Amino acid sequence: MYGLMQEVPLTVDSILRRARSVFAAREVVSRRDDGQLHRTSYGEVAARAERLMGALHALGVRPGDRVATLAWNSHRHLEAYFAVPCLGAVLHTVNVRLTREQIAWVVRHAGDRVVLVDRSLVPALQAALPDLPSDLRYVVFDDDGRGAAAALPGALDYEALLATAAPLPALPVLDERAAAGLCYTSGTTGEPKGVLYSHRSTVLHAFGCGMADSLGIAQRDCVLPVVPMFHVNAWGLPYACALVGSKLVLPGSHLGGDALAALLEQERVTFAAGVPTIWNLVLQSQRRRRRDLSALRRIVLGGAPAPRALVEAWQAECGVPITHAWGMTETSPVGACTHAGSTGLAPDDPADFTLREKPGRPVPGLEAKVVGDDGRELPWDGASSGELCVRGPWVASAYFGIAAHEAFADAGWFRTGDMATIDADGRIAITDRKKDLIKSRGEWISSNALENAALRCDGVLEAAVVARPDALRDEAPVLFVVARDAAAPPSAHALVAWLGASFPRWQLPRPEDVHVVDAIPKTSVGKIDKKLLRRRLREQQP
Ligand code: AMP
């Protein structure tokens, strides 16, 4: 056979080479712990990543080894994003909000050799020390070069290490099917499970992120990933930005609404991404003090249902269109998304908001179907709700270290655990997380739908619905809300009456099952923690 195309491997070093050569001067901005901005470039990030490869090699890291990070979004973390996989090792991004037991568990499960840790997060590792392997090496990211003073055995300072390290004379030849990254699911519904990203899946996902009807980031963009680099590679944005040449703005540990709004204004950010709770915080900040967000052309909101009220408020009050995206750790994560005006409607047209209540069509490269309890595919009628299954080159085929898992039982498909419908136009609507559905006398109630409606009620800032066991109904919905103004909370009766306008009576919570609370608990990645809410409810039961 001859005349075929070149077989260039899809490996992360190809992204690094491109960033170093054609985008060497493109800016990377990173917020330090003291709030100051550190300005660097892809050229400098690449040069330092090469020295980091030399340093890690000198520490004994070899192809296939796992190197962990416990860090916020910063230029140093970005250097590790390139150095570790380009060395043939695997970048394990540890969620900084895990408990000390969970940190020790994932580090041991992953078999990490080295941990690169932010100085401000050293206490979390210190607390986990008794359960961590004694031969683990620690390298500390510190703005002031005092990492070696951290209270971790044999701690090395990252900057000192880079200052003396030399790039390797030759880099390993990488196999596109080898592992590049490892991320554990946030475990909203059970134990964390590790997902191994290959070089090939990482590069293809980065290409995908650039497509107009996927995230659609481009060279002209200035991108602020609020979504953490410890959670599904910050939705793949660091790799995608380096590939397409977007300016990258990394917020460090400063994730409050005011700090983010200031960064959006100051750096003239054009594209930002994060979970709904973040965009709610930034909206509240805008309401207190208006910042100039005129450069912002798109916010991508994903990781949890997009409340219509939030999407409408961003458009009406700030003129910023919100893209609704769906994805999971297992899907790298970008799986489906709908941009404002993607079918030619105006972004403030009510019909366009209705379209964006659904994450919509799978992004190019992914296929989707919904299946019933018997595993049979359901029709694409926008009404038949079943478990969403997806397949594609950036979808996991197994969990790290787990020989067989029911999520992969349907050959070639991944069962997501999300309940969804698909309409005749191929648009996916997530009806609920399978485990969050409420079963009342054999009929399903969607917690998402109730939450969305509650959020449209005047005076409601946040809403969460979970099931409680009920002698008559099997399960009954319980609504928690946070009031916009704590001094004038909406009453339980008013809330039930409001919901009654959109839902049949049997789906409504009783007024005594409506709780106005000061705060709704969040998971380590900022999503509503329904597991904890359910546990609290159980503990209150007699
Ligand atoms: P994680 O792997 O931690 O990112 O969590 C993935 C889960 O978040 C999915 O399985 C969904 O249950 C939920 N999720 C993500 N995006 C959306 C969305 N747009 N609408 C509803 N749920 C979502």
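The number of residues in the range 493-542 that are basic (Lys, Arg) and within 16 Å of Ala453 (Cα to Cα) comes to 2. For the range 223-234, the condition of being surrounded by fewer than 23 Cβ atoms within 10 Å (Cβ to Cβ) and either within 16 Å of the ligand (Cβ to nearest atom) or not hydrophobic (A, V, I, L, M, F, W, C) (or both) holds for none of the residues. Has the range 454-469 got at least one residue that is free of Cβ contacts under 8 Å to residues at least 40 places away in the same chain, outside any loop (DSSP other than H, G, I, E, B), within 29 Å of Pro521 (Cα to Cα) and acidic (Asp, Glu)? No, the range 454-469 contains no residue that is free of Cβ contacts under 8 Å to residues at least 40 places away in the same chain, outside any loop (DSSP other than H, G, I, E, B), within 29 Å of Pro521 (Cα to Cα) and acidic (Asp, Glu). Restricting the range 130-189 to residues that are over 29 Å from Arg100 (Cα atoms) and assigned to a helix (DSSP H, G or I) leaves a set whose member that is nearest to the ligand (Cβ to nearest atom) is Ala163.
Annotation note: Cβ proximity below 9 Å between a residue of the range 503-520 that is over 16 Å from Val482 (Cα atoms) and a residue that is assigned to a loop (DSSP other than H, G, I, E, B) (sequence gap 6+ or interchain) occurs for Trp506/Arg441; Trp506/Arg473; Gln507/Ser446. Among the residues making up the range 343-380, those that are in contact (Cβ under 8 Å) with a residue 60 or more places away in the chain and within 16 Å of Asp423 (Cβ to Cβ) are Leu355, Glu357, Lys358, Pro359, Gly360, Arg361, Pro362, Ala368. Filtering the range 406-455 to residues that are in contact with a Gly (Cβ under 8 Å, 6 or more places away or on another chain), of a type in the set (D, E, K, R) and within 10 Å of the ligand (Cβ to nearest atom) leaves Arg433, Lys434, Lys435.
Scanning the range 235-245 for residues that are buried (at least 24 other Cβ atoms within 10 Å of the Cβ) and either of a type in the set (Gly, Ala, Ser) or within 16 Å of the ligand (Cβ to nearest atom) (or both) gives Trp235, Gly236, Leu237, Ala240, Ala242.
Could we say that Leu495 is under 23 Å from Ala313 (Cα atoms), surrounded by 15 or more Cβ atoms within 10 Å (Cβ to Cβ) and touching a Cys at 6+ places or on another chain (Cβ under 9 Å) here? Yes; evaluated as a whole, the condition is true for this residue.
Is it true that some residue in the range 136-145 is within 25 Å of the chain's Cα centre (by Cα), modelled with pLDDT of 95 or more and hydroxyl-bearing (Ser, Thr, Tyr)? Within the range 136-145, not a single residue is within 25 Å of the chain's Cα centre (by Cα), modelled with pLDDT of 95 or more and hydroxyl-bearing (Ser, Thr, Tyr).
The values are calculated or read from the model by the stated rules, or taken from the named source; none is laboratory data. Bear in mind that the values here come from a model prediction, so they are computed numbers and not experimental data. So basically every Cβ, Gly included, is an ideal-geometry build from the backbone, and we count neighbours across all protein chains shown.
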